[in-house]
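Contents: one structure, followed by commentary.
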């Protein structure tokens, strides 16, 4: 029930998701009275596919994770993750505070054997489809061994979801030659080479969008900065384009005529279609929606959760981790 | 004479630059015979504003910097930087191998007192103008003290060029709250607070484009990845837009009608207008053009050099460094 816009986003998204996935069952977690009021506004009612579950607290978007973990034991976030832990729910989808969600999920669900810390992974659009990138901000100062764990988790996740037996995994670097990069990335590259992964070497920032890799691995600081810089650039381009097409009468007319084409273009790069990051490496499925997502974007996060459930992502990652060189990867 | 396209780019750019700046004098450095042939093709001749200087070697775009430094003592890059060292030229502009340019410039020109290593700084477009970002790849694993040096150099450079007495300097981070980020950035933030700079705190990747900072400071690994990711995204958007407007007859007609608007929009975000990064922190002016720049882009790098000369950037940075807390910043 979190996120910047709360249940005015999540309830309409739930309505659409129930329509989209006929076998989906949803539990909405939050303050019951408010949830019931929002259901009424959206023309929804509780039934065997839509249940409500009370939670009296809400974690603030800027609340420190440790404080949320300690003092918000009845937050919608905590209660929802508890439902995954108990097996009542198969996945948790939240638009709330990322740090608190990560800390709570890790505390309640625990990481898979051989994994030190979960990572945040999501799909980015490319020229030819999409690429999964991790870590996007769960970990800073990652060691080479942690980068290898990210690579293994990313490879297994993409393998499970896309039925791709050997996804091409690349390391993000500032040059493709062996001598480039920082010490951590250079040592990680050695580990990747020995890992049994389908390792494609280094990629630079611009090549991420070229579509030559299935998984791109980086430290969470780097990944988060790159992701947000791209978000900021995309927003600026959209804003400047709007300004260009509304400058005067002539440009407005041109804008009207170009609109259908612009719409079809926008659909291809619409960030809402890529909303929904997986917290991978946990004993359970937790999906993070962008805090500012609208109902259409949040619905996509539910879609990501459905795909993870259908393809048994945590089970597959858990069972295959033991057969890979993850021993060498644990620190 | 380097770069991916060599003198077919640099000579036409030189021609335009001479026309643009009536008081500019240029020395083209490279193999004399080839240079003369290219001048003829471009309808240029040697005179008191355009001189040629022979250099027998070329540094390869993928050549390791140490090797270039050791074995290419008569490369166009090395000779051009020597001309700056001797005072024959006031600035060197190169589209060549970044690592080799950095290593050679540092070896020949030396860093300013109190500066450990030069940094790469350039302007990015924002909603309201532009922002200078550094480091963009000269340094990896930067210490908090080095980040402070970047901040000081960035502040002095922007101050000199834009006659802004107190540019707002921000640190790139993955959250704006004090608890966010890695240890290096947190410690750097403390140093910035005590530095006497106009420190604006943390900015996230997307806020770089919002235009609220004059200078954004980050480690070179992070900055390079973010810059290239943005380049890759911009290229993908441009490509997808071209595809959208050429899909069928109707979209082609819409494209024709929208073209003048699209052109004016493109001018605002044209990366060529932002081509030309300064290697700041040296005893001299060295400007790095994108290796793939065309003549229009390379001409902008010359423009950046002209602005640095006119505003006496190295002299101002050198003389003001001593009056700032750079003692605490040297490691």
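Is it the case that some residue within the range A:308-318 is under 25 Å from residue B:239 (Cβ atoms) and assigned to a helix (DSSP H, G or I)? Can you show your working first?
If we filter the range A:308-318 for residues that are under 25 Å from residue B:239 (Cβ atoms), which is where we start, we get none.
There is no residue in the range A:308-318 that is under 25 Å from residue B:239 (Cβ atoms) and assigned to a helix (DSSP H, G or I).
Quick one: count up the residues across the range B:224-255 that are more than 9 Å from chain A (Cβ to nearest Cβ) and within 20 Å of residue B:125 (Cα to Cα). Give the derivation first.
So the first thing to find is which residues in the range B:224-255 are more than 9 Å from chain A (Cβ to nearest Cβ), and the list is B:238, B:242, B:246, B:248-249, B:252.
If we keep only those that are within 20 Å of residue B:125 (Cα to Cα) too, we end up with B:238.
The total comes to 1.
Quick one: which of B:268, B:272 is assigned to a helix (DSSP H, G or I) and facing chain A (nearest Cβ under 7 Å)? Quick ask: steps written out before the conclusion?
Details: B:272 fails: facing chain A (nearest Cβ under 7 Å).
Selected residue: B:268, the only one of B:268, B:272 that is assigned to a helix (DSSP H, G or I) and facing chain A (nearest Cβ under 7 Å).
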For the range A:204-241, name all the residues that are in contact with a helix residue (DSSP H, G or I) (Cβ under 8 Å, 6 or more places away or on another chain) and not in a helix (DSSP H, G or I). A:204, A:213, A:214, A:215, A:216, A:217, A:218, A:219
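Residue-by-condition table, conditions (1) crowded, with 17+ Cβ neighbours inside 10 Å; (2) out of contact with any strand residue (DSSP E or B) (no Cβ under 8 Å at 6 or more places or on another chain); (3) more than 20 Å from residue A:84 (Cα to Cα):
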residue: A:11; (1), (2), (3): yes, no, no
residue: A:32; (1), (2), (3): no, no, no
residue: A:36; (1), (2), (3): no, no, yes
residue: A:50; (1), (2), (3): yes, no, no
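Under 20 Å from residue B:302 (Cβ atoms) and modelled with pLDDT under 95: does that describe residue B:101?
Numbers: under 20 Å from residue B:302 (Cβ atoms): yes; modelled with pLDDT under 95: yes.
Spelling it out, residue B:101 is indeed under 20 Å from residue B:302 (Cβ atoms) and modelled with pLDDT under 95.
Would you confirm, using the coordinates I've provided, whether residue A:168 is modelled with pLDDT of 95 or more and closer than 27 Å to residue A:195 by Cα? Steps first, please.
Values: modelled with pLDDT of 95 or more: yes; closer than 27 Å to residue A:195 by Cα: yes.
Yes.
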Kindly indicate whether any position in the range B:293-307 is over 30 Å from residue B:17 (Cα atoms) and part of a loop (DSSP other than H, G, I, E, B). no
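Could you list all residues from the range B:272-282 that are on the phi < 0 side of the Ramachandran plot and crowded, with 19+ Cβ neighbours inside 10 Å?
So in the range B:272-282, the residues on the phi < 0 side of the Ramachandran plot come out as B:272-275, B:277-280, B:282.
If the condition is that a residue be on the phi < 0 side of the Ramachandran plot and crowded, with 19+ Cβ neighbours inside 10 Å, then B:275, B:277, B:278, B:279, B:280, B:282 are the ones that fit.
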Among (1) surrounded by fewer than 17 Cβ atoms within 10 Å (Cβ to Cβ); (2) in contact with a helix residue (DSSP H, G or I) (Cβ under 7 Å, 6 or more places away or on another chain); (3) more than 12 Å from chain B (Cβ to nearest Cβ), which single condition is residue A:302 missing? (1)
Just to be sure before I move on: is residue A:154 more than 14 Å from every other protein chain (Cβ to nearest Cβ), under 30 Å from residue A:63 (Cβ atoms) and assigned to a helix (DSSP H, G or I) in the structure I sent? yes
So if I check each of B:175, B:200, which one is touching a residue at least 24 places away in the same chain (Cβ under 8 Å), assigned to a loop (DSSP other than H, G, I, E, B) and surrounded by fewer than 23 Cβ atoms within 10 Å (Cβ to Cβ)? B:175
Considering only the range A:205-219, state which residues are buried (at least 19 other Cβ atoms within 10 Å of the Cβ) and either free of Cβ contacts under 8 Å to residues at least 40 places away in the same chain or more than 7 Å from every other protein chain (Cβ to nearest Cβ) (or both). A:205, A:207, A:213, A:214, A:215, A:216, A:217, A:218, A:219
Qualifying residue in the range A:53-75 (condition: buried (at least 22 other Cβ atoms within 10 Å of the Cβ) and under 19 Å from residue A:284 (Cα atoms)): yes
Yes/no for residue B:159 being more than 24 Å from residue A:175 (Cβ to Cβ) and assigned to a loop (DSSP other than H, G, I, E, B): no
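If I ask for residues that are part of a helix (DSSP H, G or I) and over 11 Å from residue A:53 (Cα atoms), which ones from the range A:25-41 would you list?
Within the range A:25-41, the first condition is being part of a helix (DSSP H, G or I), and the residues that meet it are A:32-41.
Hits for the range A:25-41 are A:34, A:37, A:38, A:39, A:40, A:41.
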Residue check for residue B:258: within 12 Å of chain A (Cβ to nearest Cβ), buried (at least 21 other Cβ atoms within 10 Å of the Cβ) and either assigned to a loop (DSSP other than H, G, I, E, B) or at pLDDT below 90 (or both): yes
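Rundown of residues vs (1) more than 11 Å from chain A (Cβ to nearest Cβ); (2) within 18 Å of the chain's Cα centre (by Cα), yes/no style:
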{"position": "B:129", "(1), (2)": "yes, yes"}
{"position": "B:181", "(1), (2)": "no, no"}
{"position": "B:187", "(1), (2)": "yes, no"}
{"position": "B:200", "(1), (2)": "yes, no"}
{"position": "B:203", "(1), (2)": "no, no"}
Which condition from (1) more than 7 Å from chain B (Cβ to nearest Cβ); (2) out of contact with any strand residue (DSSP E or B) (no Cβ under 9 Å at 6 or more places or on another chain); (3) surrounded by fewer than 18 Cβ atoms within 10 Å (Cβ to Cβ) is the one that residue A:191 breaks? (3)
Just to be sure before I move on: is residue B:111 over 20 Å from residue B:316 (Cα atoms) and either surrounded by fewer than 21 Cβ atoms within 10 Å (Cβ to Cβ) or modelled with pLDDT under 95 (or both) in the structure I sent? no
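The values are calculated or read from the model by the stated rules, or taken from the named source; none is laboratory data. Quick caveat, the model's predicted, so the values are computed rather than measured. Reconstructed Cβ throughout: ideal geometry from the backbone, glycine too, with neighbour counts over all protein chains shown.
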